[in-house]
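Student: Quick one: this structure, given as structure tokens, is what I'll be asking you about.
The values are calculated or read from the model by the stated rules, or taken from the named source; none is laboratory data. From a predicted model like this one, the values you see are computed outputs, not experimental measurements. Areas reflect the complete protein model, heavy atoms only, side chains present, ligands, DNA and RNA absent. Shrake-Rupley method; radii C 1.70, N 1.55, O 1.52, S 1.80 Å.
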Amino acid sequence: MSKSFLRRTFEGIQANTYSWNLYFFKIDRRNENPYYVYKHTFKNTDYLPNYLMALRDTVIKYQIDSLESVQDYDGQNSKTSCDKLSVTNELISTQWDHLSSSVAGAPRDMIQGKYQGYLLDGQPLVEGLPSVVIVKVGNPIINLGKKNSKVFKHTPEDELEDITDELCRLYLIADFVVIGDILYSFNLKFEEIFRMQKTLSRLKNQAIEQIMDTNAFRNPEQVHNFMKSYTSPKTFLTLREQRVEKLKSAEGRNEISELLNLQMINEEIAVEGQEQASQLIKYLCYKIFQDKETENLIEVTSVVNDNVQVRN
């Protein structure tokens with residue numbers, strides 16, 4: 001459904017269906033709103049529409065048509081899937097609002113320094129079409145005046161002339177798009193643009209406290225330290241309430257202990273070492289399942305086939 005929606009949306013990008021503007025953006029992490037945005041104009045009014053038509057065609061052919069699936073963002077991108085995430089999601093909502101407000105008030109004065117990317121803002125001219133924002137991460141400016149090489153061009157007199165100009169390069173590819181209020185990402189570059197590492201760390205700490213509040217563990221301070229040392233905060237994005245609830249009862253703790261081969265002492269789970277803590281985290285976050293046929297535990301990034309038994 002979502003793949004078809006993506007394709008229909010891009011097919012709907014025609015010369016007379018959207019009004020487009022191009023913005024370069026620079027990110028300064030020291031500020032609450034880190035986005036500095038510069039609105040670009042073109043000498044020839046045909047340049048931007050022509051570029052959009054070419055971009056539309058390549059995104060459809062090489063990025064949308066090759067997708068196997070569109071899935072909710074969980075921190076893992078298989079390179080054959082597209083992640084989707086609402087811009088109102090707490091992971092990116094604040095930064096998206098900052099970027100949107102910077103675009104709305106963007107000056108025409110050029111920003112000095114290196115850009116981190118550019119975006120194309122498409123506002124519909126036809127009723128019923130959604131807004132479309134196409135984002136490419138990376139500096140679009142090429143500086144030909146480099147120390148390790150010289151670039152020349154031919155003059156009308158067939159002579160060579162030194163070029164030290166800055167050039168602008170727009171790619172025929174997108175890293176992510178926002179259609180309406182849903183972000184669709186072809187890779188994970190949006191995580192850096194929206195400073196998600198800080199947010200993910202905060203969510204990891206909240207998840208750990210939720211797990212520890214079950215009072216399920218022997219030596220809770222040690223278990224807490226093991227969990228804090230877990231190095232992938234993205235794992236906690238898929239923390240499941242059903243599995244956390246199991247930690248609150250003796251029956252649930254016994255089931256988890258038997259499944260993960262953990263020791264139970266006086267109805268408390270004994271977590272002995274970082275490896276066992278990591279296994280427990282992965283189980284609680286739906287990264288560990290049991291094969292129906294062999295009953296072996298398998299670790300996955302998502303439920304990939306019918307032989308995986310989801311144990312709630």
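Student: With every protein chain left in place, what is the accessible area per residue of segment 1-150 in square angstrom, probe 1.4 Å?
Tutor: On a per-residue basis, 55 Å².
Student: Taking only the alpha-carbon positions of segment 157-233 and ignoring solvent, what does the Debye formula give for the base-10 log of I(q)/I(0) at q = 0.23, 0.27 Å⁻¹?
Tutor: Evaluating at q = 0.23, 0.27 Å⁻¹ gives log10 I(q)/I(0) of -1.09, -1.24.
Student: Gap in Å between the Cα centre of segment 115-148 and the Cα centre of segment 28-61?
Tutor: 3 Å
Student: Binning every alpha carbon pair distance of segment 117-175 at 5 Å from zero, what are the percents per bin?
Tutor: 4, 14, 16, 14, 13, 12, 9, 7, 6, 5, 2
Student: Report Rg(Cα)/(2.2 N^0.38 Å) for segment 63-132, keeping two decimals.
Tutor: For segment 63-132, the normalised Cα radius of gyration comes out at 1.42.
Student: With 5 Å bins from zero, work out the P(r) of segment 1-146 over every alpha carbon pair and list the percent per bin.
Tutor: For segment 1-146, the binned pair fractions read 2, 8, 15, 19, 20, 19, 12, 5, 1, 0 percent.
Student: May I pose another question? Counting just the Cα atoms, what span does segment 138-273 cover along each of its three principal axes? Round to the nearest Å and put the largest first.
Tutor: Over segment 138-273, Cα extents along the principal axes are 92, 38, 23 Å.
Student: Looking at the chain as a GNM with Cα springs under 10 Å, which of Glu166, Glu251, Glu68 has the largest mean-square fluctuation?
Tutor: Glu166
Student: Could you grab the relative contact order for the chain? Cα pairs under 8 Å, six or more apart, rounded to a whole percent.
Tutor: Relative CO of the chain lands at 14 percent.
Student: Cα-based Rg (one decimal) and Dmax (whole number) for segment 162-207, in Å?
Tutor: Looking at segment 162-207, its Cα Rg and Dmax stand at 16.8, 59 Å.
Student: Short version: ³J(HN,Hα) in whole Hz for each residue of segment 104-121, in order, from phi by Karplus 6.51 cos²θ - 1.76 cosθ + 1.60 (θ = phi - 60°), x for Gly and Pro, what are they?
Tutor: Values per residue, Gly and Pro as x: 4, x, 5, x, 8, 6, 5, 8, 7, x, 7, 8, 9, x, 9, 9, 10, 9 Hz.
Student: Roughly speaking, what % of Cα-Cα pairs in segment 94-198 are separated by over 22 Å, rounded to a whole number?
Tutor: 48 percent
Student: From Cα pairs below 8 angstrom and at least 6 apart in sequence, can you work out the relative contact order of segment 1-149, rounded to a whole percent?
Tutor: The normalised contact order for segment 1-149 reaches 31 percent.
Student: Further question on the same structure: Using a 1.4 Å probe over the heavy atoms of the protein chains, calculate the carbon and sulfur portion of the accessible area of the chain as a whole percent.
Tutor: Carbon and sulfur together cover 45 percent of it.
Student: Which lysines have a Cα less than 26 Å from the Cα of Lys198, not counting those fewer than 8 places away in the same chain?
Tutor: Lys26, Lys79, Lys84, Lys114, Lys136, Lys189, Lys228, Lys234, Lys282, Lys287
Student: Please express the Cα-Cα pair-distance distribution P(r) of the chain as a list of whole percents, one per 10 Å bin, running from 0 to the bin with the greatest distance.
Tutor: Whole-percent P(r) values from 0 Å outward: 5, 21, 25, 20, 15, 9, 4, 1, 0, 0.
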